[in-house]
């Protein structure tokens, strides 16, 4: 393979990686994915391993269910009240 073809392949790969990065940043800007600005951290890995562990040892599945319930409570904690919901006010 001549040197010019190797250089062209290298430039092509670099261009493809650059374009992929731009597309992923655009998708992140639209809110479709988390790419660079927001990272999950080690808790996401731990929860994934708990899922595998629950498959291998079904008697420990309650730990995974409790963690998932805690995550749902944290996500719901900052939500505004639903209009017409059971916010303690009487409906007109």
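Worth a mention:
- Gain upon complete extension [residue 72, residue 36; 0.36 nm per residue less C-alpha separation]: 10.6 nm
- Each residue, residue 28 and residue 49, gets one label point 7 Å from its Cα in the Cβ direction; the gap between the two is 2.5 nm.
Each value in this text was obtained by applying a stated rule to the coordinates, not by laboratory testing. Bear in mind that the values here come from a model prediction, so they are computed numbers and not experimental data. Positions of Cβ are backbone-derived with ideal geometry, glycine not excepted, and every protein chain shown enters the neighbour counts.
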